[in-house]
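Read-outs throughout are calculated quantities, based only on the coordinates presented, and are distinct from any laboratory measurement. Predicted, not measured: the structure shown is a model, and the values here were computed from it. Positions of Cβ are generated from backbone atoms using ideal geometry, with glycine treated the same way; all protein chains shown enter the neighbour counts.
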Amino acid sequence: MEYDVAVVGAGHAGIEASLAAARLGAKTIVFSINLDSIGNCPCSPSIGGTAKGTLVREIDALGGEMAKTADVCFLHSKILNASKGPAAQSIRAQVDKNQYKIIMKHKLETQKNLHIHQCEITGMFKFNNFWILNTNLGTKYKCKAVVLATGTFLNGKIHIGDISNNSGPDGVFAAQYLTDDIQKLKINTKRFKTGTSARILKSSINFDKLEIQPGDPVVTPFSYMTENPGENKLVCHIAWTNDKTKEIILKNIETSPMYSHKIHATGPRYCPSIEDKMVRFSDKKRHQIFVEPCGIESDEIYLYGMSSSMPEEIQLKFLRTIIGFENCVITRPGYAIEYDIIDPTCIFPTLEIKNMPGLFSAGQLNGSSGYEEAAAQGLVAGINAAMHIFNKKKLILSRANSYIGTLIDDITTKGVNDPYRMLTARSEYRLFLRVDNADERLTPIGKEIGLVTDEYFEKFEKRIFLKEKEKNRIKKVFIKPSFEVNKILEDSKILPISEAVNLETFLRRPEVKYDLIQKIDKNSPDLPNSITNRVEIEIKYEGYIKRQMQQIKKLTRLEKILIPEDINYMNIINLRLEAREKLSKINPINLSQAQHVPGITPADIATLIIWIEKLKRQEV
Amino acid sequence: MSTIAAISTPYGIGGISVVRVSGENAIKITQKIFRAHDGTLLENMNGYTCKLGNIIFENNTLDEVIVTVFKAPRSYTGEDITQISCHGSMFITKSILRALLSSGAVMAGPGEFTKRAFLNKKISLDKAESVMGLISSNYEKARKINYSAYCGFLGQKINKIKNKFFDILSDLNAEIDYSDEDVPELDNNQLILRLENINSELNNLIKSYSIGCVIKNGLKVAILGAPNVGKSTLMNFLSKKEKSIVTDIAGTTRDAIEESIILNNIPIVLIDTAGIRETNDKIEQIGTQKSKEIAEISDLILFMLDASREITDEEIKIINSFDKNKILIIINKSDINSNYNLEKLKKLNIKNFVLISAKNGTGIDNLSKKIEEFIDFGAFQNENLIIMSERQYNVLLRAQKNLENAIDKIKSVPRDIFADILKESAEILCEFSGENLETKIVDSVFEKFCVGK
Ligand SMILES: Cc1cc2nc3c(=O)[nH]c(=O)nc-3n(C[C@H](O)[C@H](O)[C@H](O)COP(=O)(O)OP(=O)(O)OC[C@H]3O[C@@H](n4cnc5c(N)ncnc54)[C@H](O)[C@@H]3O)c2cc1C
Ligand SMILES: Nc1nc2c(ncn2[C@@H]2O[C@H](COP(=O)(O)OP(=O)(O)OP(=O)(O)O)[C@@H](O)[C@H]2O)c(=O)[nH]1
Ligand SMILES: [Mg+2]
């Protein structure tokens, strides 16, 4: 059977990849070992979080699907870091896990140009300009481009205590054959591990003893298209570990496969298992647990922060030490899972694998961790698979315009030593890469690619128009130190003004929020929060944002200097030997990427600039 | 990178001279002109070993030499290096260099060996600067300070400060990025305390630059006073030269005369000036004016009085017109009158003075002790941590300014902005050792080097 694009895997990466390719006009098929696990959340039933929420917004701004689906089936939503500043803020939402899967599956089923198919891809090889995929049932697929998005399934192996078996998450078979063919193509692989916590039964929890964690009174949706997200459907809770929990875990530490050295793969530094936390942060009195419902029609409760791979009876024992969980019943134990990844330094920032035209790779397979990180890569890989088919220029996102660009640059340039999680600290430009302005940064790009609809784009343009108009307006409106004005200020516990100021200057005062302007200036237009919030940020932090824009300019200059594909670094005698070797290995596409290759110095870049200039002059 | 060569020992006649070659082809190029007596090929030698043999170029045996081989990365530059030790005639040394250049090496630019060491990450920028300092150290104190910088004490200190910055930054980032975990919120006062601590460490280094300057450039000391008090006599005595003309005619010295000396291990740039007085003589007027200007730019003014006479109202007026903190009163000609009446001086509130005789040298020890006290080395007990380079000084100043801005803003900006301001300080501090430095700055540092280093 013949397709333009085949996507292997229908997790968060595969979903975005297949939708993007199909929407761009490529005849696409997406495979999954089990169609009922499309869009599964094997870990926390939540989408977003610091930096991750911004990734979801960016996916939306480019024309992806994750945000819209999360907005339909969220249960509980919160703005994180509301007081810690514009770069720190992001959205996190609990979602109905089953709903999420059903909606995503239906979107794939009904997408024009897209077929979904249940099977395991067991083999893959190149034939002329085609990629041939073999299924476990002996069927062959001939495709012009392939996106690998196999998540944690390649040679997946689950560990609980000293019991281990070959399996993917949630009882789905592992994919035990594909790695061999990947390795035959001389693509480097590594072994990573991750883990998840037990689910327990809602009716076995004493909620009276837990703290309530309500969602935000007004829900902020992920998608720019969602106008009315509705209200939170339920509350979450918080529980704490205690000395007894610690005692049991430490006493039984040898039963954890990580500590008995049964697992050699590298686990995530950023979300360690509870046994890891007990050992590494031994002076900490207690650890927080978020008690998260998995859905409206499900009584399973997920315990965020309690990932463990200790034997089932030990898991039950330490969970029952926790106040509120004294009688808890486990529905599924926590576990650790080992899986194969592709060394992402074998991948271009287009997510095309080096020296493998038409073969793309995305998601956890590339060494990342997290649904949002996976979806973000899936979107880029899907877009570029389509670009490959239509012979168009492939999309490379920049560190300067997105977390997606930062993520891809980080993993493909520096490689990964443990599962990569998005953090705001990974970006040098986080004051610009904010959750509020993802559309300004990316929607024009999405429009040019063809994934952003006309309706979406019109709304975007209107939003920006209104924002700019308001920014201009408040420059011209002055408030005077009248009795009424200073009374309003006093009521809001804000220092009175002594002379007339324009609203822009006034808004720069740290303690002044935009809604105060609305109170003082009766002529303020009636604008949605999403716009006033942006006006406030852009004015209040203008100086700081400008500074980053200056740095971005420098980066963009380097991005524009492309490195010829056929460059032979070994011939550049003015370059240090170490630099020649490192650059040959990564083969960066432009000087910005070259600059981020570990071990490369500004002096090396200066040498490269001269070399490339010389080449250009010779060509003319 | 190309293979470079240069003469590494000073130009002139000496026992031996060293020609140094560095680069990928250093061994190959040297082999072209070298025959070991035992026939060993250089490429078969281990690093840190040497061989005796002849330099043969165009069928001409130039000299018998010893070639030392260093193999990358275990060498000064991090590249392959050969060092040819030849007999110290300038003619032989230059001939060997010429032979190397026509065999494929290129002439090294100023400081290029050290620059390569920096580029190959063998040494940090501050260390490179200390190499330069070491080469030009001409007395013990300077050598000691440069040597300790060369050993990395200063670099270690800066790293410690930098790590404190990074600790705070990572705490701030954890607070932001793990808000869905149970990372504790940071307390502002606690943060301020940590930042103040960094600031005071920066401040100590910054203050040490004044001493660093004295050590590097010498203390500018001007001898001022009325005509004929004996200024030129003191100048000649201290410099052990008859540079200034001494006569009993008032107004002998017309133009300032400078002389570098080392007094008690302190480098001093001594300036003899024209005597200051109200006069109608055009030339003397200009001289008086010039003396006052020199006083302005000097670190220390030695104001000289004549013990054989009373202090005049004019002298009092002049003393009062100078910054009291940098003036030391010298009462000269103690050999004529050792019982100088100090009453008038005490009235002027001047407690710091020395009685000397420039003619026979009494009191000079006392004078140099007073100068040493003035520099106040005592405040910088730790000679390892003295900033001598203007570049380093400016880096520290900028980092400090930024840090103070951060402390100032901590309560009025949100965390992410605060972290950003702080990050800038840390980035500035990175320039100290040359990490993340723009190539231009790096080049300007190396241009100051002499060739061969
Ligand atoms: C146990 C566990 C714990 C986790 N904990 C965390 C956490 O704490 N924090 C966090 O951020 N993230 C966590 N994650 C990661 C997160 O779940 C993944 O990053 C994300 O789901 C990856 O998405 P993906 O699309 O790359 O792959 P997946 O969602 O894993 O999807 C892979 C898809 O590929 C299909 N497939 C695979 N191989 C084949 C084949 N050969 N043929 C056909 N189909 C195939 C599968 O059926 C599946 O549909 C955890 C994951 C697991 C499994
Ligand atoms: N007895 C005695 N005579 C001194 C001493 N120092 C200088 N003289 C004499 O004082 C006279 C003036 O000395 P100078 O050194 O030329 O004085 P000056 O301050 O440089 O004078 P101008 O250059 O004219 O301003 C000379 O005759 C010196 O020999 C001293 O310590 N004792
Ligand atoms: Mg004189």
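Observations on the model:
- For the stretch A:228-363, the Kirkwood radius over C-alpha pairs fed into Stokes-Einstein at 25 °C and 0.890 mPa s yields D = 139 µm² per second.
- Charge sum, other residues only, whose C-beta stays under 13 Å from A:Thr69's C-beta, Lys/Arg counted +1 and Asp/Glu -1: -1
- Per-q log10 I(q)/I(0), the stretch B:31-190, q = 0.10, 0.18 Å⁻¹ (Debye; single scatterer per alpha-carbon; no solvent): -0.59, -1.16
- Here the translational diffusion coefficient of the stretch B:3-102 follows from Stokes-Einstein with Rh set to the Kirkwood radius across Cα pairs; for 25 °C and 0.890 mPa s it amounts to 187 µm²/s.
- Sequence-ordered 3J(HN,Hα) estimates for the stretch A:61-71 from the Karplus curve with 6.51, -1.76 and 1.60 and θ = phi - 60° stand at 5, 8, x, x, 10, 3, 4, 5, 5, 4, 5 Hz, glycine and proline given as x.
- Summarising the amide proton neighbourhood of A:Asp216: residues at separation of 5 or more, or on other chains, whose placed amide H is nearer than 5 Å comprise A:Ser77, A:Lys78, A:Ile79.
- With K and R counted +1 and D and E -1, the other residues having a Cβ less than 12 Å from that of B:Phe237 yield a net charge of +2.
- Evaluated with a Cβ-only charge set (Lys, Arg +1; Asp, Glu -1), chain B carries a dipole of roughly 1500 debye about its Cα centre, given to the nearest 20.
- Site pair A:Asp299 and B:Ser308 shows an inter-label distance of 11.6 nm when each label is modelled 7 Å from Cα along Cα→Cβ.
- Point-charge dipole on Cβ atoms (K/R +1, D/E -1) for the stretch B:218-357, about Cα centre, debye to 20: 320
- J(HN,Hα) series, the stretch A:317-327, from Karplus relation 6.51 cos²θ - 1.76 cosθ + 1.60, nearest Hz, glycine and proline x: 4, 6, 5, 6, 7, 7, 4, x, 10, 4, 10
- Along the stretch B:240-256 the Karplus relation, 6.51 cos²θ - 1.76 cosθ + 1.60 evaluated at θ = phi - 60°, assigns HN-Hα couplings of 6, 9, 9, 7, 8, 7, 10, 9, 8, 8, 5, x, 5, 7, 10, 10, 5 Hz to successive residues, with x for each Gly and Pro.
- Chain A: C-alpha gyration tensor shape, a/c 1.5 cut-off, then a/b vs b/c: oblate
- The mean sequence distance of close C-alpha pairs (under 8 Å, at least 6 residues apart), as a share of the length of the stretch A:476-620, puts its relative contact order at 15 percent.
- Rounded to the nearest 20, the Cβ-based charge dipole of the stretch A:479-620 about its Cα centre (Lys and Arg +1, Asp and Glu -1) stands at 380 debye.
- Computed over the stretch A:180-257, the alpha-carbon pair-distance distribution with 5 angstrom bins reads 3, 9, 10, 12, 11, 12, 11, 10, 11, 9, 3, 0, each value a whole percent.
- Radius 13 Å from Cβ of A:Glu2, net charge of other residues (Lys, Arg +1; Asp, Glu -1): +3
- Model label sites at A:Lys186 and B:Ser412, defined 7 Å from Cα along the beta-carbon direction, differ in position by 6.1 nm.
- Zone of B:Lys243's modelled label, taken as backbone nitrogen in the stretch B:263-300 under 12 Å from a point 7 Å along Cα→Cβ: B:268-273
- Nearest-ten-degree value, helix B:415-430 long axis tilted from longest Cα axis of chain B: 90
- A full extension of the chain between B:Asn320 and B:Val106 corresponds to an added length of 70.9 nm, given 0.36 nm per residue minus the alpha carbon distance.
- Between B:Lys359 and B:Asp255, the C-beta separation translates, for a Förster distance of 30 Å, into a calculated FRET efficiency of about 0.80.
- Once backbone amide H atoms are built at 1.01 Å from N, A:Thr189 has A:Asp343 as its partners under 5 Å, excluding neighbours fewer than 5 places away on the same chain.
- Using distinct alpha-carbon pairs, which all enter the 1/r mean, Kirkwood radius of the protein assembly as shown in Å: 34.8
- Subset of B:Lys324/B:Lys347; A:Lys68/A:Lys202; A:Lys84/A:Lys513; B:Lys401/B:Lys423; A:Lys519/B:Lys409; B:Lys207/B:Lys326 violating a 19 Å alpha-carbon distance limit: A:Lys68/A:Lys202; A:Lys519/B:Lys409
- Folded to 0 to 90 degrees: helix B:282-297 orientation relative to chain B principal axis, Cα: 60
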